[in-house]
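Each remark here refers to the structure printed beneath this line.
Throughout, read-outs are computed from the coordinates displayed, never taken from laboratory work. Fair warning: this is a prediction, and the values are worked out from it, not measured in the lab. As a convention, Cβ positions derive from the backbone with ideal geometry for all residues, glycine included, and neighbour counts pool all protein chains shown.
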Amino acid sequence: MKSLLIAALAIFLAAIAPPSSAEIKYIAQEQYSGQWPFTVPNGRIACLLEPGWRGDPAPGYGSVIFFAGNQTYMLNGTAIAANQKSNYHWKPVDEIWRVDEKLKKELGSGANFVPRINLGPMIDIGLKLCK
């Protein structure tokens, strides 16, 4: 039974942990000068290069992911595609993506979508980590 629990824990940690080759950057709301796009106060951003069509990593086309708590969240389309292809068990960023309350109020109740804080700056930070 003990070895089964250890094996299950190892599988879980492998699913949420970044590969050792990934460069990771810690980022926190209190240190960030723009609008903080997450409902969690801090986390780590990483970029994992995905193989290009010839098997070579494609610069600037990495999977940008955000680690918060025990979860890994997909920040860009490349991460979503990689998760679908490789079944990494990464979560949709929507779970921690902050609602833009000011814009929501301006739009009123007639809006058919929920406005969110721009993730672009976080994706840019992540893509700079791709090497």
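Between residues in segment 106-117 that are assigned to a loop (DSSP other than H, G, I, E, B) and residues that are surrounded by fewer than 10 Cβ atoms within 10 Å (Cβ to Cβ) and not aliphatic (A, V, I, L, M), which pairs lie under 9 Å by C-beta distance while being six or more apart or on different chains?
Pairs found: none.
Step by step: first the residues of segment 86-105, then only those that are part of a strand (DSSP E or B) and of a type outside the set (A, V, I, L, M, F, W, C), then the one that is surrounded by the most Cβ atoms within 10 Å (Cβ to Cβ). Which residue is that?
Filtering segment 86-105 down to residues part of a strand (DSSP E or B) leaves 91-92, 97, 99.
Still in the running and of a type outside the set (A, V, I, L, M, F, W, C): 91-92.
Numbers: 91: 17, 92: 11.
Only one residue fits best here, namely 91.
Search segment 106-130 for residues being touching a Pro at 6+ places or on another chain (Cβ under 8 Å) and farther than 21 Å from residue 40 by Cβ, and hand back the single one that is surrounded by the most Cβ atoms within 10 Å (Cβ to Cβ).
130
Please list, ordered by first then second residue, the pairs with beta carbon atoms under 6 Å, 6 or more apart or interchain, first in segment 24-42 and free of Cβ contacts under 8 Å to residues at least 60 places away in the same chain, second surrounded by 10 or more Cβ atoms within 10 Å (Cβ to Cβ) and assigned to a loop (DSSP other than H, G, I, E, B).
The qualifying pairs are 29/36; 29/41; 39/96; 39/98; 40/96.
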